[in-house]
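So the structure is just underneath, and the comments pick up after that.
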Amino acid sequence: MDKLNATWLTRAMESAHEILIGQTLELSGPDPTAARHNSRGAVVIENGKIARVGPADDILRAHPNLPQTDYGTALILPGFIDTHVHYPQTAIIASWGKRLIDWLDQYTFPEEMRFEDPDYAAHAARLFFDLSLGAGTTTVCSYATSHPASVTAFFEEANRRGLRAMAGKSCMDRNAPHALCDTAQRAYDESKALIETWHGKNRLCYAITPRFTPTSTTEQLNALGALWAEHPDCAMQTHISEQTDEVAWVAELCPDARDYLDTYDRAGLLGKGAIFGHAIHLTAREIARLQDTGAAIAHCPTSNTFIGSGLFDMKLAETIAVGLATDTGGGSSFSMLRTMAAAYEIAQLRGNALHPANLLWRATGGAADVLGFAGKIGQLAPGAEADLAILDLASTPVIAQRAARAGDIWEALFPTIMMGDDRAIRDVRIQGRSTGSSPC
Ligand code: GUN
Ligand code: ZN
């Protein structure tokens with residue numbers, strides 16, 4: 001057995017049987033009427049998975065001898081899931097004054113060039129997971145840089161922490177600095193080698209990752225489409241229609257394509273398992289094609305306001321799987337709470353008031369659907385892996401005084417969604433194990 005497998009097994013065995021007590025909120029979709037809330041609930045954890053959820057009194061009576069952790073009135077939720085993030089951009093988060101293409105050229109590509117150094121990548125991966133977990137995010141789907149070593153650093157760190165995680169090498173063979181460019185063949189070969197090493201290892205999954213059409217030639221997109229056909233159980237992630245001048249550039253670069261989505265579609269990069277970041281400026285044909293093919297969207301609201309991209313139409317979530325995402329460093333926060341708040345604000349600007357259940361679903365179970373992890377993570381349900389975030393719903397004075405007036409769980413939760421940050425994260429559990437518990 002290799003060292004990585006041994007570490008993971010040891011950790012899985014360490015996760016004791018335990019009862020967690022607190023408020024529980026079980027969602028099975030975005031509809032609040034289908035949710036189940038227990039103001040004094042409990043979750044039974046067995047061997048890193050959720051064995052049972054229900055009223056605390058019933059569970060304590062049924063399992064009188066199991067160890068207990070009582071979180072008082074804190075809310076036990078599935079850990080948050082970030083469906084689109086760039087771990088190598090942590091150092092350039094909150095870089096001022098540019099829109100997408102200039103932001104990439106001025107801030108992003110110079111930083112990504114530093115990931116040629118495996119030690120730099122390893123340090124960045126450690127910091128990234130510290131920040132994500134500190135925000136209550138237990139699974140991410142990340143873009144690495146074009147260097148295979150940056151993918152290795154990500155997966156080694158995720159594996160060391162026992163996380164369910166997804167990532168891929170960002171392939172680019174044009175319109176980027178030479179030091180970041182591969183070729184169609186190298187993109188194929190290096191991605192394939194990384195799939196063979198990492199995909200399906202413990203809790204890790206690979207996402208084939210052409211960065212976006214402006215930085216991938218048709219030849220490279222075709223090569224990655226062929227790779228996806230050979231490994232259909234991998235995900236595929238890329239960017240689409242984030243800014244209008246990007247859309248116009250794609251039309252110039254690919255004059256024979258029907259539209260932006262078609263540049264991926266004709267390369268075999270569209271279908272179930274495809275995750276398209278942003279998807280703001282879509283045509284009616286592109287929307288219909290996304291619906292017909294079962295592809296998913298990662299909505300990145302703090303990024304869309306920060307880089308000035310536009311207002312995503314959350315109504316798309318009625319017919320297309322949509323998960324929330326930070327998109328750091330284009331996004332301005334690691335917090336999925338802040339991300340839910342930005343999604344709420346953007347929808348309000350489009351005349352659509354999103355219910356807290358819908359917001360929460362897009363950051364948990366709905367996000368798991370987007371990543372192909374439905375049933376494994378994202379729900380407080382028996383059989384799911386016990387990756388949990390425990391939320392203090394009174395983490396600051398302003399939140400506490402608003403929550404004190406709440407008439408139901410939604411009113412109690414919404415102030416934390418809108419104003420909460422890492423101070424609201426009381427504890428995080430990975431496969432049942434606490435990453436730094438603070439029970440009452
Ligand atoms: N489009 C292509 N690459 C990127 C990126 O790194 N961030 C964002 N926000 N959009 C992109
Ligand atoms: Zn992105």
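Of note:
- Relative contact order of segment 194-272, defined on C-alpha pairs under 8 angstrom at six or more residues apart (%): 33 percent
- Partners of residue 376 within straight-line reach, counting lysines whose Cα lies under 27 Å from its Cα and excluding those fewer than 8 residues away in the same chain: 3, 49, 169, 192, 201, 272, 315.
- Based on Cα contacts under 8 Å between residues 6+ apart, segment 319-430 shows a relative contact order of 27 percent.
- Across segment 63-146, Cα pairs under 8 Å and at least six residues apart give a relative contact order of 52 percent.
- Protection proxy ranking for 216-224, 28-36, using the average of other Cβ atoms within 10 Å per residue and placing the highest first: 216-224, 28-36.
- Averaging 1/r over every pair of different alpha carbons in segment 121-262 and inverting the result gives a Kirkwood radius of 15.7 Å.
- Remark on segment 121-169: ratio of C-alpha radius of gyration to 2.2 N^0.38 Å is 1.01.
- Principal-axis tilt of helix 336-349 within the chain, Cα atoms, nearest 10 degrees: 70 degrees
- Were the residues from residue 105 through residue 404 laid out at 0.36 nm apart, the gain over their Cα-Cα distance would be 102.9 nm.
- Antiparallel DSSP beta bridges within the chain, as percent of all bridges there, nearest 5: 45 percent
- If you run the Gaussian network model on the chain, springs between alpha carbon atoms under 10 Å, then out of 135, 144, 347 the most flexible one is 347.
- In summary, the convex hull built on the alpha carbon positions of segment 314-440 has an orientation-averaged projected area of 9.1 nm².
- For the chain, accessible area per residue (1.4 Å probe, heavy atoms of protein chains only), Å²: 37 Å²
- Degrees between helix 284-293 axis and first principal axis of the chain (Cα, 0 to 90, nearest 10): 60 degrees
- Percent of C-alpha pairs per 10 Å bin, segment 59-203, short to long: 10, 35, 30, 14, 7, 4, 0
- Computed from Cα positions, the angle between helix 184-198 and the longest principal axis of the chain comes to roughly 20 degrees.
- For the peptides 95-106, 409-420, the ranking by mean Cβ contacts within 10 Å, running from highest to lowest, is 409-420, 95-106.
- Over segment 342-400, equivalent-ellipsoid semi-axes from the Cα gyration tensor in Å: 24, 19, 7
- Inverse of mean 1/r across different Cα pairs in segment 150-205, Kirkwood, Å: 12.1 Å
- You can think of it this way: the chain between residue 193 and residue 422 has 78.8 nm of extra reach, that is 0.36 nm per residue less the Cα-Cα gap.
- Listed peptides 424-431, 329-336 by packing density, highest first (mean Cβ within 10 Å): 329-336, 424-431
- Top of 244, 209, 145 by mean-square fluctuation, Gaussian network on the chain, Cα under 10 Å: 244
- Nearest-0.05 FRET efficiency for residue 245 and residue 350, computed from C-beta distance (R0 25 Å): 0.70
- Solvent-free Debye scattering, log10 I(q)/I(0), computed from the Cα coordinates of segment 4-138 at q = 0.16, 0.19 Å⁻¹: -0.95, -1.10
- For the options 72, 22, 54, a Gaussian network treatment of the chain with springs between C-alpha atoms closer than 10 Å singles out 72 as fluctuating the most.
- Solvent-accessible area, 1.4 Å probe, carbon plus sulfur percent, for the chain: 51 percent
The values are calculated or read from the model by the stated rules, or taken from the named source; none is laboratory data. Remember, it's a predicted structure, so these values are computed and weren't measured experimentally. All Cβ positions, even for glycine, are placed from backbone atoms using ideal geometry, and neighbour counts span all protein chains on display. To get the accessible areas, we keep the full protein, side chains included, count just its heavy atoms, and leave off ligands, DNA and RNA. Shrake-Rupley method; radii C 1.70, N 1.55, O 1.52, S 1.80 Å.
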